[in-house]
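The values are calculated or read from the model by the stated rules, or taken from the named source; none is laboratory data. Quick caveat, the model's predicted, so the values are computed rather than measured. For neighbour counting, all protein chains shown are included, and Cβ atoms are generated from backbone atoms with ideal geometry for every residue, glycine included. Note: areas computed on protein heavy atoms with side chains; ligands, DNA, RNA excluded. Shrake-Rupley method; radii C 1.70, N 1.55, O 1.52, S 1.80 Å.
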Amino acid sequence: VQLQASGGGLVRAGGSLRLSCAASGSTPSRRTIGWFRQAPGKEREFVAVIFRGSGTYYADSVKGRFTISGDSAKNTVDLQMNSLRPEDTAIYYCAADSSIILSSIWQSRSYKYWGQGTEVTVSS
């Protein structure tokens, strides 16, 4: 599986961005695919995920502001980010795995496939 993330950029606080992750290669319909982010000097953290093609889960810090959605026909997963804050500044990575269990979706080490990352900068 190859993952290609895009859509990052510079935005002012309160603004919006939409990230997209395009998957190619073997993409079973019940895969889990989601987004993590890593700010400078910090560990990679969970943002949002579509679990096995249906259930969606979010980090508390982004609930109500971010929305993850998938298009199975296009093999893409988007992350709509609204009401952005300076603390959302990070490199955002999409990740995928076909055998992950629900209790492990929050952990980056549970994902086998990773995209290259796209940078999001939110200015105050």
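Across the range 60-91, the number of residues qualifying as aliphatic (A, V, I, L, M) and under 11 Å from the mean Cα position of the chain (by Cα) comes to 5.
The residue that is nearest to the chain's Cα centre (by Cα), among those in the range 92-124 that are among the β-branched types (V, I, T) and open to solvent by less than 60 Å² (accessible area, probe 1.4 Å), is T118. Restricting the first member to the range 81-105 and to residues that are part of a loop (DSSP other than H, G, I, E, B) and charged (D, E, K, R), and the second to residues that are at pLDDT 95 or above and open to solvent by 40 Å² or more (accessible area, probe 1.4 Å), the beta-carbon pairs closer than 7 Å and six or more apart or on different chains are R85/A13.
Where strands (runs of 3 or more DSSP E) fall wholly inside the range 3-68, the ranges with 2 or more residues that are of a type in the set (S, T, N, Q), free of Cβ contacts under 8 Å to residues at least 60 places away in the same chain and surrounded by fewer than 21 Cβ atoms within 10 Å (Cβ to Cβ) are 17-24.
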